[in-house]
Structures are given as structure tokens and as C-alpha cells.
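Working notes, beginning with the structure itself.
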Amino acid sequence: MSLKVLHLADVHLGARLSNFGRYAEQRRQEIEGAFRRAMDVAIQRDVHLVVIAGDLFDSRNPERETVNVARGQLARLREAGIRSFGVPGTHDSLAFADSVYRRENLPFDHFFTGPDFADPVEFEVDGHSVTVYGIAYDREQTTDGWRSLARRHTEGIHIAIAHAACQDHPGWSIPADDLPFAPDDLQRLALDYVALGHYHNLRFFHRGERVVGAYSGSVTGRNWKETGKRHVVLIEWEGAGSPPAVTAVPIQVRLLETGEIDVGDLPDSVAIADAIRGACESSSIWRVTLTGDPDFVPSAEAIVADLEARYGYIEVHDATTLVTSRLLAERREEETVRGEFFRRLVDARERADDERSRAVVDRAIKLGVEVFG
Amino acid sequence: MTDRLDLRLVRLRVDGFGRLRDFSFQPASDPGTIVLAPNEAGKSTLASAIVRGLFGFRDKEREAARSPWGGGSFQVHQEWVLGGRTRCVIARDFATQSVVVEWHQLDETTGQISIEGRWEGQPNPRGRSVDRERYEAELRRLLGFATPEVFLQTAYVGPGGLAVRPIETELLRLLSGSERADFRAAMETLEAGYYRLTQADITDPSRVAKQKPRQLETLATDRRDTLRRQTDSQSEQVARDRLETALAANRSRLAEVDVEREARVVVEKSIRRLRELQQEEERFQRRREELEQAIGRITDWESSVREKTKELQPLVGYLRQEADFATQLGELRRLAKERDRALEELGVVRGGAEPRGRQLKFLGAAGGAILVVGVVGILAGGSVGLFGAVAVGGLLVLSAFGWSVRYQRAKAQGVEASQRSIKTRAARFEARRRAMAEAASLDPDAIDIDVERRRYDRAQQLKSELDGMQQARDALGDYQALERERREIGEKKLDVLRLERRQILEEYPFLDGDEEFEHRFAARQQQLEVEQNQLVEQELEHRRKLADLPLAPDDPRELEARVQELNEATERLAIERDAHRLAYTTLAACRDEFVTIMTERLEGRIGELFGELTDGRYRGVMRDPRSCEVTVEGVEKVEVPAASLSRGARDQLYFAMRVAVVEVMAADRALPLILDDPFLHFDDRRLARVERMLERVGATHQIILLTHDARLSDWSFPCTRLPAPAAPSDEELSAD
């Protein structure tokens, strides 16, 4: 029987999510829902162990209800006979005296609190010898960090868990508590898999064709840098030494998605709202950017108000410009104050020598259209 | 205005448009036509058909409202004449949005009309298309513009808004070009928007209201507060970091002290090794000194040998001489003396012989001279005796001379023999001397026997010394071997020892110094104990301070994100603020420049037209630039506010204004005036004046007067009548 491991990270239970406005509470519940679904996947797929690579919580001292959500889901794993392993992250750091991991006895099978990888856990499961390494960075105690990670012996399958930052660019200044590592470092480790947390988008690290580690990414998008599908990673070994079969399992409850709609041919904000309805699935949360050169000033507020009930939360960004619109071409023909006003502003835009100046003129034109028609 | 192209509608056919069906209308070109119809008969529909036939409907609902009652074709055909010779036919089918435009040219000489161009497309005004752009180009060719707004602002004059709007408002609206807001209202809106954002005066942003919320200021306050919290949080974090770093350093040092204190055995071993190293080093040092001395001696010997060899170099020939070189030199000296003596003797011999020769020659010469004197005296007749005696004397002298010569010759032969003997002897000495000198490699002519003797002796002495030195050199040993050993000691052995010593001292720097290592070690142990106690106290102090530090209330990462959000929001509002100000200042510039110019033009023309309409009762119209109030100047130069005029006079003023607008503000066409019952409140007298004015205006602008006023049927204008209505109310064009 193959060994199955489910890897997740960056759940951020209890995140405030004030960027979602009135939808924040709902979004918090969606995060909890995603965490629940991750546990469902673990149970349904009969995994042997679940590894959580840090930032299970969004802060070091989450509210009691949030802790209970985690406790309940981890208990489900235990009941299902699935071992769970975890490390603290940067948001839920163990370094503080009031850290949730110091206060609460969460039902992990093992939660790594050591300042380096020196104390792995070894066990047998379904005939597989498994060694799990983990680290809880401690400014005071951690000295060797990644250097302390070395395969103990050649037998079995060896997995490491770390909440760490990949130094993709040598110029990046990554603090020590983010446990920086170079992309090639994982290749050099003689481990079977390194479960990473900290970066919120899915990413695999390879040695040749073989996956040697991954960021599973966040389970739910918390901001517009975390758009698209969210995942947990399922890793499966036929036996020690065999290459793992790695699958990213979509886990999202509601996706954050971005879209762009050209509203140049649309007559008004109502039509824009209709167009968004037609183009954007209501199952996702959207940030829609309006582009084009319509003959009116789109009202982002009105569109959002119109669509909020459908999407729960939606952001509409007006990136349209009226400079090239037919409306402005017509207005500029008039021998009136309005015509003169728009002629002057269009001239001003042509003279504008930076983006901000152009943005100011564009908005002034829109103000003119709003007041004059 | 003289450059304007005259534009007139010559035919209108409505296949279906609202209540109008199969309606055909050919307005007269000059001065125009009156369309007389009772209310609800379709006058405004007719006007709308003209406007919408040109521009179509932007609003679908309004288009639907104008669809033919009872269904059927929804088409309007118009035929326009531009500049007298160009004819343009526009046929619009509202059902399909298709439009056909045909251009015809009239040949004035032949009177024939030829098609100049034809365009067909679907320029739906509610969408964007190439057809729409093409059609608008056609419209611009015909009208000078392509927007219905301009047409409505200029060519179309409705019943007037005077019932609800004062004349000033109408004038402002016409100048502004917007039904929604005139430029003053627009400026007020922008000013209010700016105030909402900044609570400042848009004309003078330095004037700011106090103690009132303002969007930008609220954001700035929020941002300041967040930044302060971020700073606090960072400060707390920095303080925590600093304490934790100090604590870590403290603990690290304590661990080092522990290790060092516990490493006594290792240190003692190191001390032993240091001592060994020291002894080894001293031994090597001594050996190296010996080697250096030996090498120095060899170097000195070589220097001496070089000097003596150099000195011996010119004397080396003396070394080849036999042992009796000194005897030979004595013999040489003796031979030289012998030779000199012989030569001296030869000189004596020669010195004695030479004076006698000269005496003999004198005696011979004197005897000869005496003889000659005696002979010559005799021969000259002198005394024979005397001269004979003289001659005899001369002969005697000569005889003596002869005798002496023979004697001297015999004597000379003896001297010569003696000379030869001496010469031979001297030559023999000299030859022998030269042979000896040659044997000794000496220059016999330059030789100084004493000097040579000394040099010979010196050469022998130097040789003796060199021989002695060579024996000493042999005792000094192999220079290369010595040098090799010295170098090996200097470069390798000592360096190795010193490196090891340095490594030990680096590990235990307290052992470094002049004193004994044991003393130093003991002192170090004591020092470590003191340091250990201090470190324990410091650690307790750091931990106490850490415990006292409040936990950072805010997550610095969240605060950073919040600051970022606030920065973005502030920038958005700043752009909004700047846009308000830009729009406002642009509008103010339009007001100050464009409005001033247009108002001046309009005021003059309105005044003229109003004077004409009031039969000279009013002569001028003025508009206050600040209050925008319109006043009219009466015949007695009394200024009367427009608002104080009678309704009829105000309608006249409005009409004058609209006519002035079509004259002044239309671009480059003399547009027709489509008048939709604007004279409802005119009495007969006023109507008569209007008729006169329109007859004159009609010379340049075609008049299409839509009215239900039967009084106008008496005007000089051709009149077309529409049938009475049979259906419910029509919509007003203003609704378009």
C-alpha cells in the first residue's frame, strides 16, 4: 500500500480580512470552510498523514472560537487515524509567550517546537518507515536553521516541514525568521519531500523530473495577490526511494478572480452590471476592471451596489478613458462652454507628461461629463 | 457670417413616424414655410422627424415612442440644399437603422442634376461602428457638425423654457450647451466636490474650514495614526529584538565561559605544548644564529680572498720566478752598472779624440791660407820676398799639418780599438741583462730593482696568505648545506612552531604575554568566574525587561498593508481633488475667455433683434458678468431687469436670443430655424414685428414655423396645414 501525505499551509484562520468590507465575516467563514474541506480531502483520500507548514492561524493569539475550529478539524483527523504534523509560521509564531501553541493543546500528533530540524519523528505506518522533520524558528535558539536538516538514515521516507521563504532573487532582504533558502537548496537535501509554507501560491521544486518540495499556497485567497484556484498537495509514494506522485487538489470555497471588461460599447452602468453578470461566475469573488472609452462615466459605486447581492463582495475599478470616446468627440464640436471645456481638457491631456497628470485630466473630463452630460 | 453656407430643407417625406404617415412636406426656401396645425396634430412630431431623420435616436425607448402608430414603415426622407448647388438626400429607416445618403450637384448652366456620391450603411446611433463614423462624416459635410445637441441648441427653437426658467438661465444654458447644468452650476458642483474632499476653497486652497471633517484630512489622520501605531509597534519590536539579541549574546557568552572554565585540562595541555614550542623555538633560534655566524664567516673569507686575489692579480707573474729571483735581480743590477761603466769609459775615449781633430783642421786651413796669400802676393807683383816668405811659411804650416795628421790617425786607430772593446763589453752586459729581465718577465729599461724586489716579496706573501686561508675555508664546511639548513629553520620549522603557538594563543588569548602561562591561566580562571557571575545577573535583568515589555498590540505586517491601502486611497483622493480643481479652473478659464467673447457677440445681436421685435422700445441687452442677470436698456436708457419684463416681452427677448444664437453660435452653416410655437404669448402687435423680422431673417436662414396660431396664416409665408388629430397626445420634442 502506498504512503499518502496531504500537505497544506497558510490557512490563516481568524484573519480579520477588513479588505473585504462587510463581506469580511463571510470570508472568514469561507477560510474555515476551506480548512474543513482540506480535512475532508485527507479523510476521503485515506491519507496517512497531514502536514501543516505554518500559519494555521492568522495571529499568535487567535480568538477562542477560531482555536476551536482548528481543534475540531484536527480531532477529525485523529479520529480517522490520520497523523497530523505542524510547525508554527510567521503569523502564529511560537516566539511569543502568548503564542496559541504555548497556550493551547491542539490535537496534533506532533507539533514541532524545536529551533532546528534536529529532532525528527520516526514511525511506521502501513509498512512504511517515515521520518518527519520540522522546525519552529526561534530567534534565540535557532542557529543552524536549514543546516541542521540532514537525512538521518537511508531507510524509509523522509519529509521535512518548514515555514520558509524562497530567496528567488539574491537582492531580496529576507529576515532570518523567514528561514530563507535558495531554490536549489531543496535539490541538495537528500529528502523525499519538503512541505513548505509562507508563500501563498502553489509552486513545486524539482530535482530533475522528481518533485522534491512544494509550497501548497493558501487555502483561500485573502487578497488580490491570491487569485485563482487554491490547493492542498497530495503526495503518494509506492515505497521508499520511489518518486512520489504529486497532485495539487483544488480546495477553494470561493475563488478570488480578476477580470477586465471593455465597456466602450455599453450605454450605461446598468449595462455594465449586466455585462459583469454575464461574464463573471457568481461562485467567485471578483475584481473587475472596466476598460474602453464609453460615452458615459461608469459609476463603480452603482455597479457594486447593483452586484453586491449576487457576488457578496465585488470590486469594480474604473480604468476607462473618455478622451477617445465618441461622446467627447461630439462635445468638442460644440461652440459652447461645454465644448470649449472639453477641447481644453483634451489639449491638456495631450500635453500631460506623466501618468498621474493624465489620470488627473481623465478624471477631470469625467467630472465634466458628470456635471454637463 | 457672409462665409456661411446656406442650408435649407427642401423636401421632407415621412413614411411613418409617430402619428405622421405618408406625409410629404416641401418647405419654401426663402423665407420659409409656416406649418399650421391644431394642437396634437403632429407639429412637434414633424420637428422631431426632421431632427431624428438626421441624427436617429440614442435612446431606444424614445425611438419606440416615435414608432408609427399602427405599425408599418418607420422611415423619414429629407432633401437638403447646401450652398444653392449641392443637394443632399438622406433616407433613414429606423426599423433597420439603415441610412442612405445621396449627394447631387446642380449644373447651373444646364440646369441638370448629377449624382456626385452615394453612401449607404447602418449608422446606429446607439452603438459604435464604422458606418456610424462614416455617416457622421456625411453629416459634417452637410451641417458642419454631427451631433443632435448642436442642432437643438441652434436650429431648433421650442416653445421656450421661460415658463419655468428665467431668461438668464436660458442664456446660460445656451452658452453652456448642456440641459443638465449651465457652467455656473457646473462650477458650483465642482467647488462643492472639492470642498467635500478638502474642506478648502477651490479658488484659494489655503483657506480651509476648521474643525470639519474632510475626506482627505480624515484619510491623512488615519494614515498618521496608522503610521504612529506602526512606529510604536516597530519600536516595541525593535526594543524586543534588541533585548532578545542582547539576551542571546549573553547566553552565548555564558556558554563560552562555561566551556572555557570546563576546559582546564585542555588548557593545561596547551600550556605544556606552548612551553615545548617555546623551547623548540629557542633551540632553532640558537642553531640558526650559529649557522648565520658560520655563513657570515664564509662570506667574510670570500671577501678577503676576493681582495687578496685582486691584489695578487698584477703580481701573479712574480710567482712564476725561480727562487734565485733576488740574486738575479742583483746580477742585473751589477750588469747594468758594468754596462754603464763601459759606456762611460767609451765616452771618455771619444771625448779626448774630437778636440785634436778640430785643431788639425784649423792648422791645415791656416797653412793653406798663408800659402795662398804668399802666392797671390807674388803673383800680384808684391814683394817676392815677403810674399815668398809668407808662402814658405804657409808651406811649413802645411807640413806640420801633414805630420800632425798622420800622428793623429795612428792615435785614433788605437782609440777605436779601445772603443770597440768597450762597446763589446757593454753590449755583452746588456744582452745578458736583457736575457735575465726577459726570463723574469721584466722590462729591463723600466725596471726598478728595489720595487721589483718588493713586489716579488709581496706576491710571495699573498700567495702564502691565500694558501693559509684556503686551509681555513676548508674548515668552515659546505656553504650550501649551511644555507639550506638556515633557510629550513627560518622558513619552515620556526613558522610551524609559531603557527601552532599562534593557534593556541588565539584559542586562549589570555596566555599571551610575558608572564608565566600558569599565572595567566589562573588569572583568567578568576576573571571568567567574575564574568560568569556578571552574565548571570545580566541575563536575569534582560529577562525581567523582556517580561516587562508590552506585547506589540498590532501586527506590523498588517499595519504595513494598512498604510499601503491608505496611501493608495490618499492618492486616489488626491487625484480626485486635483481633477476637481483642474476641471474648475478650466471651466473658469472658459468662463473668462470663451463666455466673455460669446456673450459680447450675443448681447449685441440680441439687443438688435430685441429692439427690432419691440419696435425700438428696447435697444440693448446686457448681462452682468457676476450675477449673470440680464437687463435690457429702454429708450430712455433705463435699465430694466429681464425678470421685470412682461411675459410677452420676455418671450420676445427669448426669441431674439435664439435667433442670435443660431446666427452667432452655429459653426459655419446658415442653419434653418425650426420654430415650434415660440410665439404663444405674443399679441398681434408683437406678431407683426416678429413677421417682419422673420421675413428679414429668412433671407439668410430658412424659417420652418410650426404653430397652431391661426393668426399666422395671414403672414406672407407659404402655409401648410396638418390635419386635425385623431389620436391621443403627442410627445413634446423636448422629450427627445
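The values are calculated or read from the model by the stated rules, or taken from the named source; none is laboratory data. In this text the structure is predicted, and so the values were computed from the model without any measurement. Heads up, the Cβs are rebuilt from the backbone with ideal geometry, glycines too, and the neighbour counts pull from every protein chain shown. SASA here: full protein model, heavy atoms, side chains in, ligands and nucleic acids out. Shrake-Rupley method; radii C 1.70, N 1.55, O 1.52, S 1.80 Å.
What base-10 log of the normalised intensity I(q)/I(0) is obtained for chain A from the Debye formula, alpha carbons as equal point scatterers, at q = 0.06, 0.14, 0.15 Å⁻¹?
For chain A at q = 0.06, 0.14, 0.15 Å⁻¹, log10 I(q)/I(0) is -0.32, -1.07, -1.18.
Once you place label points 7 Å from the Cα toward the Cβ at A:Q167 and B:Q313, how far apart are they in nm?
Simple spin-label model gives 7.1 nm for this pair.
For B:T631, tell me the accessible area in Å² from a 1.4 Å probe, rounded to the nearest 10.
Accessible area of B:T631: about 30 Å².
HN-Hα J couplings of segment A:44-56 from phi, Karplus 6.51/-1.76/1.60, θ = phi - 60°, integer Hz, Gly and Pro as x?
5, 8, 6, 6, 8, 8, 10, 10, 10, 8, x, 6, 5
Could you tell me the relative contact order of chain B? Use alpha-carbon pairs under 8 Å, at least six residues apart, and round to a whole percent.
On the way: 920 pairs, mean separation 201.2, N = 736.
It rounds to 27 percent for chain B.
So for B:R572, A:R147, B:R240, what's the accessible-area order with a 1.4 Å probe, most first?
A:R147, B:R572, B:R240
Can you run the Rg to Rh ratio on chain B? Use alpha carbon positions and the Kirkwood inverse-distance Rh. Show your work: numbers first, answer last.
Working: Rg = 74.7 Å, Rh = 43.5 Å.
When Rh is taken as the Kirkwood radius, the ratio is 1.72.
Which value does Rg/Rh take for the protein assembly as shown over its C-alpha atoms, Rh per Kirkwood?
1.48
As I understand it, the value is the acute angle between the Cα axis of helix A:64-79 and the longest principal axis of the Cα atoms of chain A; what does it come to in degrees, rounded to 10?
The helix A:64-79 is inclined about 50 degrees to chain A.
Measure nothing but the geometry: give the 0 to 90° angle between the long axis through the Cα atoms of A:337-351 and the longest principal axis through the Cα atoms of chain A, rounded to 10°.
50 degrees
Roll a 1.4 Å probe over the protein heavy atoms and report the accessible area of B:K463 in Å², nearest 10.
80 Å²
Using only Cα atoms, figure out Rg for segment B:360-475 and give it as a multiple of 2.2 N^0.38 Å.
2.59
³J(HN,Hα) across segment B:114-125 via Karplus (A = 6.51, B = -1.76, C = 1.60, θ = phi - 60°), whole Hz, x for Gly/Pro?
10, 6, 9, x, 9, 10, 9, x, 10, x, 4, x
Amide H to amide H, which residues 5 or more places from A:V232 or on other chains are under 5 Å from it, using H placed in the peptide plane?
For A:V232, the qualifying residues are A:V249, A:I251.
Where does the charge balance sit around A:C166 when Lys and Arg score +1, Asp and Glu -1, over other residues with C-beta under 12 Å from its C-beta? Could you put the intermediate results ahead of the total?
On the way: positive: A:R203; negative: A:D168, A:D178, A:D184, A:D185.
Once all neighbours under 12 Å are counted, the net charge is -3.
Put +1 on the Cβ of every Lys and Arg and -1 on every Asp and Glu Cβ in chain B; which of B:T245, B:Y407, B:L54 then has its Cα farthest towards the positive end of the dipole?
Of the options given, the answer is B:Y407.
Taking only DSSP H segments of four or more residues, each worth -39500 (n - 2.57), what value at 222 nm results for chain B once the sum is divided by all its residues, to the nearest 500 deg cm²/dmol?
Values: 18 runs with 443 residues, N = 736.
About -21500 deg cm²/dmol.
When the Karplus curve 6.51 cos²θ - 1.76 cosθ + 1.60 is applied with θ = phi - 60°, which whole-Hz ³J(HN,Hα) does each residue of segment A:299-304 get, with x for Gly and Pro?
9, 4, 4, 5, 5, 4
For a quick check: with amide H placed at 1.01 Å from N, whose amide H comes under 5 Å from B:C719's, ignoring anything fewer than 5 positions away on the same chain?
Under 5 Å from the amide H of B:C719 lie the amide H atoms of B:I34, each far enough along the sequence or on another chain.
With the cut-off at 24 Å, tell me which of the pairs B:K269/B:K493; A:K4/A:K229; B:K337/B:K423 have Cα atoms farther apart than that.
Too far apart for the 24 Å limit: no listed pair.
Give me the mean projected area, in nm² to one decimal, of the convex hull enclosing the Cα positions of segment A:256-372.
Its Cα hull, projected and averaged over all orientations, spans 7.2 nm².
Whole number in Å², please: accessible area per residue of segment B:322-439, 1.4 Å probe, ligands, DNA and RNA not counted.
Counting only protein heavy atoms, the per-residue value for segment B:322-439 is 63 Å².
Counting only protein chains, not ligands or nucleic acids, how are A:M39, B:M469, A:M1 ordered by accessible area (probe 1.4 Å), most first?
A:M1, B:M469, A:M39
Any chance you could tell me what percent of the C-alpha pair distances in segment B:1-146 go past 21 Å? All intermediate terms of the calculation are to be shown ahead of the outcome.
Values: 4827 of 10585 pairs.
Result for the distance tail: 46 percent.
Residues with amide H under 5 Å of B:A95's amide H, sequence separation 5 or more or different chain, H placed in the peptide plane at 1.01 Å from N; which?
Sorted by chain and number, the residues that satisfy this are B:F74.
Any chance you could look up the accessible area of A:E65 with a 1.4 Å probe, heavy atoms only, rounded to 10 Å²?
Roll a 1.4 Å probe over it and A:E65 shows about 120 Å².
Show me the three semi-axes of the equivalent ellipsoid for segment A:1-160, from the C-alpha gyration tensor (sqrt of 5 times each eigenvalue), largest first, rounded to whole Å.
Value: 27, 21, 12 Å, ordered largest first.
Cβ under 11 Å from B:T299's Cβ, B:T299 left aside: what net charge do those residues give with Lys, Arg +1 and Asp, Glu -1?
-2
For segment B:597-649, state the semi-axes of the equivalent ellipsoid (square roots of 5 times the eigenvalues of the alpha-carbon gyration tensor), sorted largest first and rounded to whole angstrom.
Value: 17, 13, 9 Å, ordered largest first.
Can you give the relative contact order of segment A:244-367 as a percent, counting alpha carbon pairs under 8 Å and 6+ residues apart?
21 percent
Once the Cα gyration tensor of segment B:357-404 is found, what semi-axes does its equivalent ellipsoid get, as square roots of 5 times the eigenvalues, in whole Å, sorted largest first? All intermediate terms of the calculation are to be shown ahead of the outcome.
Numbers: eigenvalues 102, 16, 5 Å².
Over the Cα atoms of segment B:357-404, the semi-axes work out to 23, 9, 5 Å.
Calculate the dipole size of the protein assembly as shown relative to its Cα centre from +1 charges on Lys and Arg beta carbons and -1 charges on Asp and Glu beta carbons; express the result in debye to the nearest 20.
Details: 160 positive and 188 negative charges, 1291 e Å.
Using Cβ point charges on Lys, Arg, Asp and Glu, the protein assembly as shown gives about 6200 debye.
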